[in-house]
Amino acid sequence: FTVTAQAKNLLKRVSEDEETSSDISSRFEKWLEQTLDSYAKCLQLGAELNKVRARYMAAKRLPDNHKWVSAYERLMSFRTSLPSETVLDWSEKERGRPYEYDADIKTLLSRAVQLRYNEKIDKLMVKGYGKYHRASVNLSLTDKDCGVYKSTEDYPNLMLMQDNHLSSVSHVMTMRPHLFVAVPKECEREIDWRIAVFPCGKYLIAFDGDALLLMEVFNKMQRLARIN
């Protein structure tokens, strides 16, 4: 799904270029689909690619029910699977170093010191990084919400917390939609540090690329539970 989203995003950028003719766009789309077919064949994932294409077709027919697809596609990046935001780090500025950079929200919530949002410059500000804080999500969920792809666009009341206090990261996260998935906390025993999760009551939440991985863990546990 990630590779397909990257291809769709690339096609969109090419098609939106004013110098791209409809013929070139059509040929480019055909080439991309052939490349995906070849890639899936090499990995023996033809059936999985067909499932992804079916999901895209469903999203095209019922876009309101699949907002997460377009949200993930727009946010596609090779850099990270976590949502990242631009920050100004005043501790780095005081040292005479480059002080504007992108940081993922898990790091910001877990380690940032004096994290706040500056409306004048429309950026987050930090004063370096220190001891660990508890990063969590505040959102009302039920068991029916587990294992379902969702878009933050449909949950304006979703809040990102630092030590149980509303964080400025919540504000910037609402500026563009993100994909997220909620699963039972029991899934925690099947994941490691490479998947960034946020506790949310008796559930765990992951965003964007990590949401796809967390969904795979959830589905695997569901399959094993049915077998046992």
Could you tell me whether Tyr99 is modelled with pLDDT of 90 or more and surrounded by 15 or more Cβ atoms within 10 Å (Cβ to Cβ)? yes
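A quick yes/no check of all residues on (1) among the polar types (S, T, N, Q); (2) on the phi > 0 side of the Ramachandran plot; (3) within 24 Å of the chain's Cα centre (by Cα):
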residue	(1), (2), (3)
Leu75	no, no, yes
Pro83	no, no, yes
Arg97	no, no, no
Lys120	no, no, no
Gly128	no, yes, no
Ala135	no, no, yes
Asp143	no, no, yes
Determine whether the range 153-164 contains at least one residue that is more than 21 Å from Leu214 (Cα to Cα), more than 13 Å from the chain's Cα centre (by Cα) and assigned to a strand (DSSP E or B). yes
Per the filter on the range 2-31, residues open to solvent by less than 50 Å² (accessible area, probe 1.4 Å), under 23 Å from Asp208 (Cα atoms) and aliphatic (A, V, I, L, M) are Ala5, Ala7, Leu11
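Please go through the range 33-69 and give me each residue that is of a type in the set (Lys, Arg) and in contact with a His (Cβ under 9 Å, 6 or more places away or on another chain), ordered by number.
First pass over the range 33-69, keeping only residues of a type in the set (Lys, Arg): 41, 51, 53, 55, 60-61, 67.
Of everything in the range 33-69, those that are of a type in the set (Lys, Arg) and in contact with a His (Cβ under 9 Å, 6 or more places away or on another chain) turn out to be Arg55, Lys60.
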So which of Met125, Met57, Met161 ends up being closer than 18 Å to Ala206 by Cα and of a type outside the set (Gly, Ala, Ser)? Met161
Scope the range 162-189; condition touching a Lys or Arg at 6+ places or on another chain (Cβ under 9 Å), open to solvent by 20 Å² or more (accessible area, probe 1.4 Å) and closer than 19 Å to Ser84 by Cα; matching residues: Gln162, Ser168, Arg176, Pro177
Asp122 passes all but one of the listed conditions (1) at pLDDT 95 or above; (2) open to solvent by 60 Å² or more (accessible area, probe 1.4 Å); the exception is number (1)
Do the conditions hold for Ser140, that is, is it farther than 19 Å from Leu82 by Cα and of a type in the set (Ser, Thr, Tyr)? yes
Residues located in the range 143-161, provided they are among the polar types (S, T, N, Q) and either surrounded by 19 or more Cβ atoms within 10 Å (Cβ to Cβ) or modelled with pLDDT of 95 or more (or both): Thr152
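Sort out which residues of the range 198-220 are of a type in the set (A, V, I, L, M), open to solvent by less than 80 Å² (accessible area, probe 1.4 Å) and in contact with a Lys or Arg (Cβ under 9 Å, 6 or more places away or on another chain), and write them in order of number.
Just the residues of the range 198-220 that are of a type in the set (A, V, I, L, M), to begin with: 204-206, 211-215, 217.
Cutting the leftovers down to open to solvent by less than 80 Å² (accessible area, probe 1.4 Å) gives us 204-206, 211-212, 214-215, 217.
Once the filter is applied, which keeps residues that are of a type in the set (A, V, I, L, M), open to solvent by less than 80 Å² (accessible area, probe 1.4 Å) and in contact with a Lys or Arg (Cβ under 9 Å, 6 or more places away or on another chain), the range 198-220 yields Leu204, Ala211.
Check Lys131, Lys106 and return the single one that is of a type in the set (Lys, Arg), farther than 23 Å from Asp208 by Cβ and either in contact with a Phe, Trp or Tyr (Cβ under 8 Å, 6 or more places away or on another chain) or part of a loop (DSSP other than H, G, I, E, B) (or both).
Step by step, each of Lys131, Lys106 is checked, and only Lys131 is of a type in the set (Lys, Arg), farther than 23 Å from Asp208 by Cβ and either in contact with a Phe, Trp or Tyr (Cβ under 8 Å, 6 or more places away or on another chain) or part of a loop (DSSP other than H, G, I, E, B) (or both).
The values are calculated or read from the model by the stated rules, or taken from the named source; none is laboratory data. Computed from a predicted structure; not experimentally measured. Counting neighbours? That spans all protein chains shown, and the Cβs are built from the backbone with ideal geometry, glycine included. When the accessible area is computed, the model is the full protein with side chains, heavy atoms only, and any ligands, DNA or RNA have been set aside. Shrake-Rupley method; radii C 1.70, N 1.55, O 1.52, S 1.80 Å.
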